[in-house]
């Protein structure tokens, strides 16, 4: 078991009106090669920032501290050429909206092969062959015809498959999926998730699955990392996190997820309040304002991420949730 | 645009629209003579001694004894056969005049267009790509200021500085037919002509590049490890080309019209100064034809751009272009 | 289709921060006010007769013998000519813009309010007129009516009307879909009353800011025409005529003869643009 991604107190600060505001605050985690990590959180939690950091891209003016390694590359201090080589060879990324992410004026073929051809990894014809094979693997009918099409001539689901093929063409070891299925309808979403799972097993590619949807992450990921306001709230094996969440935030997220099974008439609870920027949060738990179980202890001092069970960590003053929440 | 039938329909539609515009122009240009209150002959003869020969010539030329529609039909069929009318000022066929004057104006306008495209695209790209807001603002102010200088003022200033004070360029005429002589004589006029439109093209380039630079697909392309230069050429410039190209028609028409002023200032014997001389001497046949030539150039350029647009941006294909 | 004369369709670009813009706006208003005062007060304020020739004092440098801006090739006082020249130089574009606005607003309102084939026909005509740049239309009018003051202004007006008509049409179409119009019509008010009493007051400000902008362009085009000898005729002291006459002085090194009218034209045009764009920018959200 080799570790492919390793973060230690990884922090991104953005300068704001004189003082630095952390948008990612001390993330520490390891990802084993070939596994799937789910990064879950609401918008503003820093999950997209983290996935972009894995591509070696940080917000302008950001101050980065701690370490973030991908393979042998230390991303926080990598030279631009190193980052480019990394993007060309080792990391692929799929985005939420394939239609906006693919240049509409070029053919699908150009999108698929431009990376490897420009990097000089493959000749045009080799790249074409590999692209066609990949499209076939993505279960697209008549891949040769698809290669000649323009993005506007394909459906959203087809385009997302093209997007995945484009991300895999250089045979990267890590595939980042940033809300990759959010813009798709439920059926297509399920198909794409099944496809990603298959790719992980067959190609041994490491998946980082960024989503706001706990349920969806549960179908695919081995490990879940729940982010809130740039901090890890809970980290652990998927099944355990979903069946017995240790952090009130995880529990709240789970409750607010719509479910197809069970009592359809139950009102969908929502978490009161909004994600607060870290600078405005009082010392203590960043979730305290919105937490049902908030006590004085929560806001009095710093709360650390502690190991609460083998392989499980949580950032809460209660080492376990009250009985009725289990 | 679905299938070859759709393509044919699209092309036919554009061509028909262009033809209609040109036809309407010929109609307006011809019939306007008869909209002026009073005898059209008086308009045509204004400021001249009405010799019997001249009167007879004009009567025949404009078919003044025929009903209006017959007159127009005769005149139009003459145009189509290449009979562009007779200049009473220069005492020769308008076709001959145009053959002598148009090439010089084409040279001048082409020269100015090259300056505009090269400098305008470069400055616009620089402004869009620079990370310094001061450079961007500086370029914006400079191009706005240039646009505010009328072409004839620019011509006079250039004449004063580069011809009068520094003596680098000749002040008058278009030179002989050799390339170098043309280049020497037409450089100042071309620069004067280009200044107004330089700012326009630079601003259009800047805004369309800026829009593309921040688009998702460009960010994605960079995140795939593609080089900055490649992304700029392949994903930014290519996508920004259509909005920039759509200004080609205006550029051509605007340059042709403005060349009147510049040719007048520099004494360049082109189509523009021909138009000015003809208006002054009320040589209506020449004015008619030059007007039609300018509108024709505008319509033809626009039609070419319209036909090219779907080739550059396939998104336009589904919608039958625009 | 983009018209041959795009200047009228430019989206205003805001340069500088709020306070710089306000200072710019105030300065621009000052320049325009000064030009208007010069035009109206010329007979009283001008130090010399603008037509008085003095062949013993030609191309005199600024400051010579009380000639603040010098004299031209015929020894006429440049400042006095500038002041008197402001009359035709400003009145021409004013007439052009008034006629263009009247025509444009009427056509645009008719097209938008009537809809159907009226709209179709007017829109086609507008699109057709877009093929004629302002200066070409003006030159053509001069060819028909002869050189002078009024003919070119009318020609410019016809060339500028379509842009104003198109903007009027767009704005009124947007207004027409608003609830208050539907409500008034439903209440049984006559269409023409709703248009003139309720819709127009809301639509006019943005259209009129375009008119202000087009004043500057009309000024340039008409000055160009006078420069070509097709507009106001010498020895009338029009700014364009002054530029035309400055050529001979310039060749003798008297650059100030050309600089004075050139700078005045540029100053007034830039000022009008600043005012027009500030007015238009204030109404921008209506179009977005």
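The values are calculated or read from the model by the stated rules, or taken from the named source; none is laboratory data. Predicted model only: the values in this text are computed from it and were never measured. Every residue, glycine among them, receives a Cβ derived from its backbone with ideal geometry; neighbour counts consider all protein chains shown.
Quick notes
- Number of the condition not met by residue B:280 [criteria: (1) out of contact with any helix residue (DSSP H, G or I) (no Cβ under 7 Å at 6 or more places or on another chain); (2) more than 10 Å from every other protein chain (Cβ to nearest Cβ)]: (2)
- So residue B:244, is it farther than 24 Å from residue B:213 by Cβ and assigned by TED's automatic domain parsing to the domain that holds residue B:113: no
- Filter result for residue A:109 (surrounded by fewer than 22 Cβ atoms within 10 Å (Cβ to Cβ), at pLDDT 90 or above, assigned to a helix (DSSP H, G or I) and within 14 Å of chain B (Cβ to nearest Cβ)): yes
- Residue in segment A:195-206 that is modelled with pLDDT of 90 or more and surrounded by fewer than 19 Cβ atoms within 10 Å (Cβ to Cβ) present: no
- Check on residue A:102, touching a residue at least 24 places away in the same chain (Cβ under 8 Å) and either within 29 Å of residue A:2 (Cβ to Cβ) or more than 9 Å from chain B (Cβ to nearest Cβ) (or both): no
- Condition check for residue C:266: under 14 Å from the mean Cα position of the chain (by Cα), within 10 Å of another protein chain (Cβ to nearest Cβ), free of Cβ contacts under 8 Å to residues at least 24 places away in the same chain and part of a helix (DSSP H, G or I): yes
- Tally of residues being closer than 26 Å to residue C:21 by Cβ and surrounded by fewer than 16 Cβ atoms within 10 Å (Cβ to Cβ) across segment B:127-161: 11
- Members of segment B:210-226 that are crowded, with 20+ Cβ neighbours inside 10 Å and outside any helix (DSSP H, G or I): B:224, B:225, B:226
- Among the residues listed as A:45, A:125, the single one being more than 13 Å from chain B (Cβ to nearest Cβ), under 20 Å from residue A:144 (Cα atoms) and either out of contact with any helix residue (DSSP H, G or I) (no Cβ under 9 Å at 6 or more places or on another chain) or not in a strand (DSSP E or B) (or both): A:125
- The number of residues in segment B:290-321 that are more than 8 Å from every other protein chain (Cβ to nearest Cβ), over 30 Å from residue B:5 (Cα atoms) and either buried (at least 23 other Cβ atoms within 10 Å of the Cβ) or over 16 Å from the mean Cα position of the chain (by Cα) (or both) comes to 1.
- Of the helices (runs of 4 or more DSSP H) lying entirely inside segment B:227-322, those containing at least 1 residues that are within 30 Å of residue B:44 (Cβ to Cβ) are B:248-266, B:271-280, B:284-312.
- Just one of the listed residues (C:209, C:248, C:214) is more than 10 Å from every other protein chain (Cβ to nearest Cβ) and out of contact with any helix residue (DSSP H, G or I) (no Cβ under 8 Å at 6 or more places or on another chain), namely C:248.
- Scanning segment A:54-94 for residues that are within 22 Å of residue A:10 (Cβ to Cβ), within 9 Å of another protein chain (Cβ to nearest Cβ) and touching a residue at least 40 places away in the same chain (Cβ under 8 Å) yields A:55, A:91, A:92, A:93.
- Residue B:207 being within 10 Å of another protein chain (Cβ to nearest Cβ), surrounded by fewer than 22 Cβ atoms within 10 Å (Cβ to Cβ), at pLDDT 85 or above and under 27 Å from residue B:228 (Cβ atoms): yes
- Selection over segment B:139-172 of residues that are out of contact with any helix residue (DSSP H, G or I) (no Cβ under 6 Å at 6 or more places or on another chain) and closer than 16 Å to residue B:263 by Cα gives a count of 4.
- Meets criteria (more than 14 Å from chain C (Cβ to nearest Cβ), part of a helix (DSSP H, G or I), exposed (fewer than 15 other Cβ atoms within 10 Å of the Cβ) and free of Cβ contacts under 8 Å to residues at least 24 places away in the same chain) for residue B:20: no
- Qualifying residue in segment B:64-82 (condition: surrounded by 15 or more Cβ atoms within 10 Å (Cβ to Cβ) and part of a loop (DSSP other than H, G, I, E, B)): yes
Table: residues versus (1) crowded, with 20+ Cβ neighbours inside 10 Å; (2) in contact with a helix residue (DSSP H, G or I) (Cβ under 6 Å, 6 or more places away or on another chain); (3) modelled with pLDDT under 90.
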position	(1), (2), (3)
A:77	no, no, yes
A:81	no, no, yes
A:102	yes, yes, no
A:131	yes, yes, no
A:157	no, yes, yes
A:161	yes, no, yes
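- Flag if residue C:98 is out of contact with any helix residue (DSSP H, G or I) (no Cβ under 7 Å at 6 or more places or on another chain), within 20 Å of residue C:267 (Cα to Cα) and surrounded by fewer than 21 Cβ atoms within 10 Å (Cβ to Cβ): no
- Annotation note: of A:115, A:120, the sole residue that is within 12 Å of another protein chain (Cβ to nearest Cβ) and out of contact with any helix residue (DSSP H, G or I) (no Cβ under 9 Å at 6 or more places or on another chain) is A:120.
Yes/no matrix, rows are residues, columns are (1) within 14 Å of chain C (Cβ to nearest Cβ); (2) within 24 Å of residue B:281 (Cα to Cα); (3) without any contact (Cβ under 8 Å) to a residue 60 or more places away in the chain; (4) touching a helix residue (DSSP H, G or I) at 6+ places or on another chain (Cβ under 7 Å):
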{"site": "B:29", "(1), (2), (3), (4)": "yes, yes, no, yes"}
{"site": "B:42", "(1), (2), (3), (4)": "yes, yes, yes, no"}
{"site": "B:67", "(1), (2), (3), (4)": "no, no, yes, no"}
{"site": "B:71", "(1), (2), (3), (4)": "no, yes, yes, no"}
{"site": "B:74", "(1), (2), (3), (4)": "no, no, yes, no"}
